[in-house]
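Coordinate-derived values only; no laboratory data. Here the structure is a predicted model, which means the values were calculated and not measured. We place every Cβ from the backbone using ideal geometry, glycine too, and count neighbours over all the protein chains shown.
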Amino acid sequence: MRILLTGKNGQLGRCFQDVLKDTNHELFAYGSAELNIADAQQVETIIQTVKPDILVNAAAYTAVDKAETDSENAYLVNATGPELLAKQTAALNIPLIHVSTDYVFDGAAVEPYLPTDPTNPQGVYGASKLAGELNLAAACEKYIILRTAWVFSEYGNNFVKTMVRLAKERDELSVVADQYGCPTYAGDLAKAILCICEQYEQSKPLAWGTYHYCGDTPTSWHGFARAIFALAKEQKVISTAPKLTAISSCQYPTPAKRPGYSVLDCESLDDIGLVKSDWTTSLNKVLLSV
Ligand SMILES: NC(=O)c1ccc[n+]([C@@H]2O[C@H](COP(=O)([O-])OP(=O)(O)OC[C@H]3O[C@@H](n4cnc5c(N)ncnc54)[C@H](OP(=O)(O)O)[C@@H]3O)[C@@H](O)[C@H]2O)c1
């Protein structure tokens, strides 16, 4: 099938291209320089020219803290962009797969969030992503919104790469231990998206709507760091693990407030055989290439 991908240079975009290499699908991949999703003219021209069978939007403004003072750009990419894509895909009757975030929730829950649970973003990034979800859903019918969380990969900037770098520079490190979520390997997310595309190709489409997909086994950032150091040491990526101290969010203030608990319930994807990704196994793989 002909798949149009936006955001090809991001973590998910690059992993999606890797996953597509082993398939017969035709991929039309664009970075922001060729396709700015907030530019109505570019969106129209490229979608009308490529006429894909399906569109995967991996483009987003993901600088969570910067968004607090750069909300105009965050909303342009995360809210206007998906709306423009949805209007064009609707016009051509093309399904749109869009990726959103656990940061649409406030984190006050004590059990995993269902896709239908009330949203209440705590910062501009989460609010702009939620606006994108709503705009998109209002503009087209054939859509899948896949909310994910704590994305890491061998590409770009992410927590895993930061921890490995810091482990090489420091003997001690303090990491927040009161925010809980599910690390998700972008390669596993890419495979999940491909699976959804292929379901559509085989005329067994998932019901349109919003779903969750993230890694298994919730942890805190502190727990994630501990796992990274243990595996990195085992694989000799680092010689010694820094002394790790658990701190609270109050001890590490950031411009954007993060949800304290943003574990996502992914069960609604069980029907098509998509189980949560095993992030420890994927972490092992990523550490071998950082
Ligand atoms: N990273 C996380 O921890 C996390 C957590 C939850 C959800 N998510 C969601 O998962 C998805 C993928 O995230 P990611 O980690 O792969 O993000 P990423 O690595 O930051 O990549 C985002 C890409 O979006 C592109 N982009 C930015 N503005 C654009 C525009 N106006 N038009 C077209 N492309 C634009 C950038 O392209 P260029 O490089 O070409 O400029 C960048 O490569 C996003 O929807 C994100 O909100 C991420």
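Points to keep in mind about this one:
- Here the peptides 268-280, 224-236 are ranked by packing, the mean other Cβ count within 10 Å, and the order with the highest first is 224-236, 268-280.
- Cβ-Cβ distance of residue 2 and residue 116, R₀ of 25 Å, FRET efficiency by 1/(1 + (r/R0)^6): the value works out to about 0.20.
- Using θ = phi - 60° and Karplus 6.51 cos²θ - 1.76 cosθ + 1.60, couplings along region 162-171 (whole Hz; Gly, Pro as x): 5, 5, 5, 5, 5, 5, 7, 9, 10, 9
- In sequence order, calculated HN-Hα J values of region 145-150 (Karplus, 6.51, -1.76, 1.60; Hz; x Gly/Pro): 9, 10, 8, 9, 7, 6
- Ordering of 134-146, 113-125 by packing [mean C-beta count within 10 Å, highest first]: 134-146, 113-125
- Residue-averaged 222 nm ellipticity for the chain, from DSSP H runs of 4+ at -39500 (n - 2.57), nearest 500: -11000 deg cm²/dmol
- The Rg/Rh ratio of region 117-174, with Rg taken over Cα atoms and Rh as the Kirkwood radius over Cα pairs, comes to 1.17.
- Site pair residue 69 and residue 22 shows an inter-label distance of 4.4 nm when each label is modelled 7 Å from Cα along Cα→Cβ.
- Helix axis angle, 81-92 relative to the chain longest principal axis, alpha carbon, degrees: 30 degrees
- Taking amide hydrogens as placed 1.01 Å from N in the peptide plane, the amide H of residue 151 sits under 5 Å from those of 184, each at least 5 positions away in sequence or on another chain.
- Relative contact order of region 196-290: 42 percent, from C-alpha pairs under 8 Å at least 6 residues apart in sequence.
- Over 17 Å [Cα-Cα, region 1-138], rounded percent: 60 percent
- For region 125-224, the relative contact order is 39 percent, taking Cα pairs closer than 8 Å that sit 6 or more residues apart in sequence and dividing their mean separation by the residue count.
- More than 27 angstrom apart: percent of Cα pairs within the chain: 38 percent
- Close amide H partners of residue 101, meaning residues 5 or more places away or on another chain with modelled amide H under 5 Å apart, are 148.
- In sequence order, region 238-247 has phi-based couplings of 10, 7, 9, 8, x, 5, 9, 10, 7, 10 Hz under the Karplus curve 6.51 cos²θ - 1.76 cosθ + 1.60, θ = phi - 60°, and Gly or Pro positions carry x.
- Between the amide H of residue 26 and those of 2, 3, distances stay under 5 Å, these residues lying 5 or more places away or on another chain, with hydrogens modeled in the peptide plane.
- Only Cα pairs under 8 Å and 6+ residues apart enter the sum, and on that basis the relative contact order of the chain stands at 21 percent.
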